[in-house]
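Asker: Below is one structure. I have some questions about it.
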Amino acid sequence: MWLHGHMASRIEDYALLSDLHTGALVGRDGSLDWLCFPRFDSPAVFAALLGDEHNGRWRLAPVEGKVVSRNYVGSTFVLETLWESATGTARVTEFMPIGDRRASVVRRIDGVTGTVEFQQEITIRPGYGSVLPWVRRVHHHAGHSIILAAAGPDALVLRGQELPRAVDHQHAGTFSVAAGERVEQEFIWYPSHRPVPRDINLDSALAQTLEYWNGWAAKYNQDGKYAAMVERSLLVLRALTHEDTGGIVAAPTTSLPEDFGGPRNWDYRFCWLRDAALTLEAMLTHGYEAVAIKWRDWLLRAVAGDPEDLQIMYGLGGERQLAEGVLEHLTGYEGATPVRIGNGAVGQYQADVVGEVLVALEKLRQAGGQEDHFSWPLQLAMLTFVERHLADKDHGIWEMRGNLQYFTHSRVMMWAAFDCGVRAARNHGLKGPVERWEELREQLRGEIMEHGFNTKLNTFTQTYDGAATDASLLVIPQVGFVAYDSTEMLGTVAALEKELVDDDGLILRYRTTTGIDGLSAGEHPFLACSFWLVEQYAHSGRQDDAVALMDKLVGLANEVGLLSEEYSMKHGRMAGNFPQAFSHLALVRAADALHGTEQLSMASDGGRTDGRKPARPLGAPQDTPS
C-alpha cells in the first residue's frame, strides 16, 4: 500500500489544469493536491497542498519509475507526462474537459513500451479537507461500478477502469498497463441533490478541449525571442478567467507562503480590479478584444451602485462579502500558518485602483471600443469618487496592514484617473467637467512633485515626504506621468537599484524591515516588479540590462511555463500563490517593451521586411498627455 506521510511538492513542481471555471494543481509525483469544485473560490475537495494526504488528494504514478518528460500539448492545458520504469514506459494525459458544462478531471494512462505497474490513491475530503464524506461503491446504470462520495451539497464520482478499493477511509490499488493498452478515469463533481452525471465520450472531450485551447491561442501571432512565454502567459490569464462571468482570479490557490514558514499567506482566488484592468490591456494589445469586452461587462456589474461602495476586489461573480477567516485544521504549506480563506483586504481603501481601471478603459477606447449608456456614466461616477477622496490616505498597492499613508504610486494613479477623464473628453468627445479634471490633474502633479519626489535623494519615494523607495514607483512612467528616461526616473531607478535590487538582480517590493506593512519582516523578490524593471530598462536605453534580466526571469518559470508570485534565489525555488496572474501580466508587458524597442531599432536601421506592425508597449500612451 502507498506510504503515508505525503508532503506537498515544491511549488514549481506543479502544473495547472483548467476548465475556465476552476483549476487543479498536479505535481511531478503524479499527485493532484489542490482542486476546488465547481469554482476557483469553492471549498477544496483535495487540499493536501496545504496539509497532508488526509486532507485530500488523488495520486497516480508508477510503483517505481521516473518522469522522462512533462509538457502541455501544444498551446493547451492538456498535460502529458511520460513515465519510465524498469519494465517499460507509459504516458499519462490529464485535462479538465471544456465545453460540456461539466466539473471533472480526466486521467488517461497509455502503455507505450513494455509493461508499467501503476499505483493510485484517492482521498476525497470536501470542505478544504475537513469533511469525511460517505463513500460507497455502486453499480452504475451504464453497466460498470463507480465510486460515489457525498457530503452535504457536494457529490463526487470516480468512474472508469481499474478503480481502487476502500482502505482506511481512502481508496487505493495497483494495476498494470502494457504497450498499446489504455486505462481511463474521470473524477466528477456535481450537486448532491442531482442525479449522477451521464458518461461522456472521453475521446471527444479531449478533442474538444484541445481544439478550444489551440483555437484560442491561434489569435496570438507575435514573433520575437519571448513569443512562446508571452503566449503561455496569455493562456494562463485565460485559464484564470471564469468563462461565464468574465472575472479573473489573481491565482487559483490560497495561502502558499510569501515567506516559508511565515504568516504572509493570503487567499488570491478573487478578482482584483487592478489585475483585471491590466489583463484587459494585455488582451487588447494582443488582439483579444472579446475577452476585454467581457471583462468590462464584469466590471460594470461588479461595481454597479453607489461609487462610495467601490471595493478593490470582488468574487468571481461580483460578490462583495469576502470576509477573511482561518482554517485551523490545515497545517499549512510546509508549516506556514495561518491558512486563510477570504481576504481582509476587501475592506481596504487603495487609492490607485480607480486609476488602473480608467487607464484600461482608455486603452479600450483607443482600440475602438464604444461606450454605452452605462460604461461612461460609471466612469464619471468613479472620477467623482476620486475627487471626494483626494485628501484621504490609503493602504497602497501592496495592501499594507499598517498605518494609512500618502503613497506616491497611489497619488500618481489618481493623477492618471483625471488624465484619462481629460483624454476622454478632449480626444473622444465624451461629456464631463473637463476643466475641473484638468485643474485637479495639475494640482496632483504639483503635489506629487513637492511631496513624492525627494530632491536631495533625486528619487520618487514610497510615501510623501519620505526617504524609502518602493518598486511600485516603476509604474510612474507607464501611465505617462514622466518619461522613462526623465531625470526623475533615472534617479529613481538608481535609488531602487541601491536599496531594493538584490545581488541576483531581482527587486523587492519594499523593505519589510521598516514595519510599514504591519507584519513581521521577510519576503522574497516579487516577480512582477522585476518585469517592471525590465520594461524600465528597455525604454531608457539599457537594452542589454533589460535582456539580461528578462532572460533570468523567464528562466525562473517551471518546465510548463508557469510563474508564482515570488522567487527565492537563496532557496532556488518559487514562493507565493501559483500560478500568479500578476507575474504573467508583467511578463507580457516586459516582453512587449523589449519587442517594441527592438522594432524601433530595426526601423532606424532600415525597418522590418516582413510587413508586420511592431507591438506598442502596453504602458506607452498613444498620444502625449495634455
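Asker: So for the pair residue 7, residue 552, with labels modelled 7 Å out along Cα→Cβ, what separation do we get in nm?
Answerer: So the two model labels end up 2.8 nm from each other.
Asker: Further, regarding this structure: If you line up the long axis of helix 527-539 against the longest principal axis of the chain, both from Cα atoms, how many degrees apart are they, to the nearest 10?
Answerer: With both axes taken from Cα atoms, the answer is about 40 degrees.
Asker: Still on this structure, please answer the following. What FRET efficiency comes out for residue 203 versus residue 290 if R0 is 35 angstrom and r is the Cβ-Cβ distance? Round to the nearest 0.05.
Answerer: On the way: r = 29 Å, r/R0 = 0.82.
Efficiency at R0 = 35 Å is approximately 0.75.
Asker: Expressed in nm to one decimal, what extension gain is obtained for the pair residue 329 and residue 178 from 0.36 nm per residue of sequence separation less their Cα-Cα distance? If you can, show how the numbers build up before the last one.
Answerer: Working: separation 151, 0.36 × 151 = 54.36 nm, distance 4.15 nm.
Extra length from residue 329 to residue 178 when fully extended: 50.2 nm.
Asker: Hey, how many Å between the Cα centroid of segment 124-190 and the Cα centroid of segment 211-289?
Answerer: 31 Å
Asker: For a footprinting-style exposure proxy, rank 493, 588 by other Cβ within 10 Å, fewest first. Intermediate results must be reported in sequence, preceding the final value.
Answerer: On the way: 493 22, 588 27.
Neighbour counts put them in this order, fewest first: 493, 588.
Asker: Mind listing which trypsin sites (Lys or Arg not before Pro) in segment 21-117 are in a DSSP loop and have 13 or fewer other Cβ atoms within 10 Å? Don't jump to the answer; show the numbers that get you there.
Answerer: On the way: sites: 28, 39, 57, 59, 66, 70, 91, 101, 102, 107, 108; in loops: 28, 39, 101, 102.
Here the trypsin sites (Lys or Arg not before Pro) that fit, given the DSSP loop and packing criteria, are 101.
Asker: I've got another one for you. If packing is taken as the mean number of other Cβ atoms within 10 Å per residue, what is the order of 482-491, 453-462, 371-380, highest first? Walk me through the numbers on the way to the answer.
Answerer: Values: 482-491: 17.1, 453-462: 18.7, 371-380: 15.5.
Per-residue Cβ counts within 10 Å, averaged per peptide and sorted highest first, yield 453-462, 482-491, 371-380.
Asker: Roughly how many Å is it from the Cα centre of segment 411-490 to that of segment 383-404, as a whole number?
Answerer: 15 Å
Asker: Taking the Cα atoms only, what angle lies between the long axis of helix 227-239 and the longest principal axis of the chain, rounded to 10 degrees?
Answerer: 70 degrees
Asker: A further question follows. Rounded to the nearest 10 degrees, what's the angle between the helix 487-499 long axis and the longest principal axis of the chain, both from Cα atoms, 0 to 90?
Answerer: On a 0 to 90 degree scale, this one is about 40.
Asker: Ok, one more. Hey, which of these cross-link pairs are over 24 Å Cα-Cα: 225/552; 219/294; 294/363; 456/498; 66/225?
Answerer: As for pairs spanning more than 24 Å Cα to Cα, those are 66/225.
The numbers here are math on the coordinates, done by the rules we state, and not lab data. For clarity, every value in this text was computed on a predicted model and none was experimentally measured. Cβ atoms come from the backbone with ideal geometry, glycine included; neighbour counts cover every protein chain shown.
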